[in-house]
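Working notes, beginning with the structure itself.
Computed from the coordinates by the stated procedures, all read-outs in this text should not be read as laboratory data. Since the model is a prediction, treat every value here as computed from it, not as a measurement. Cβ placement follows ideal geometry from the backbone for every residue including glycine, while neighbour counts extend to all protein chains displayed.
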Amino acid sequence: MFIKGSKRYNYRHNSERAVSPEFGKMINGQGMGFAANYRYGICHMSFNGCEVIAVHNALVWLCRPQPLMDIAYFMERYRVLMGFFGCNAYRIGKALKHFGADCTRSRDAGDAEAFIITYWTKRRFLSPIHTVFCVRSDKGITVYNRYNNRDRSYLCGSIEEFAGKYRPIAVYRIEKDIQT
């Protein structure tokens, strides 16, 4: 018997979903479609799965896609308050490295081509945090899974446009291998 909210229960629940994500495709809008029904910790990913989705999107960008349920299963060990507050933002790098990504934690994104950023959605300590995967290009910064209820990516001119003026909680610069 599995305990609801345990990593084994969630893995079984996620692997039995009738609709699974299209393998190797970016995820946007964690509150929509298949991702909303996946479980992480004691909640559904529509509520607390942004860190798992950010790692998934980074791996897709690196051409190293992994099933979302496998990423969630690995990241269960880093959940905060049984997953109610999602994943520990300072452990995202461990998940990236586990799946073969080369990343560095930093204070800011600098000129990194791709990065994962965790930030306060409004006022520090008085609002929830959100984690997104971003790719920089000549046109701006493409932000994946920016909103819970929008199934597309967004092009922003700067980090402040989507993350606000506060210093980010955690930033992981992601390096693309020469092979990929």
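Quick notes on this one:
- For the chain, the dipole from Cβ point charges (+1 on Lys and Arg, -1 on Asp and Glu) about the Cα centre works out to 640 debye, to the nearest 20.
- Counting lysine pairs in the range 7-175 whose alpha carbons fall under 28 angstrom apart, excluding pairs fewer than 8 residues apart on the same chain, gives 11.
- Hydrodynamic analysis of the chain uses the Kirkwood radius over alpha carbon pairs. Inserted into Stokes-Einstein at 4 °C and 1.567 mPa s, it gives a translational diffusion coefficient of 80 µm²/s.
- Percent RCO, i.e. relative contact order, over the chain, from Cα pairs under 8 Å lying at least 6 residues apart: 24
- Inter-probe distance in nm under a simple model that places probes 7 Å from Cα toward Cβ, at E160 and D138: 2.6
- Each residue of the range 146-151 is assigned a 3J(HN,Hα), and the resulting list reads 5, 10, 5, 10, 10, 9 Hz, derived from the Karplus form 6.51 cos²θ - 1.76 cosθ + 1.60 (θ = phi - 60°), x at Gly and Pro.
- Residue (of S137, N28, A170) at the positive-pole extreme of the range 7-175, dipole from beta-carbon charges: A170
- For the range 30-82: rounded, prolate or oblate by the Cα gyration tensor [a/c cutoff 1.5]: oblate
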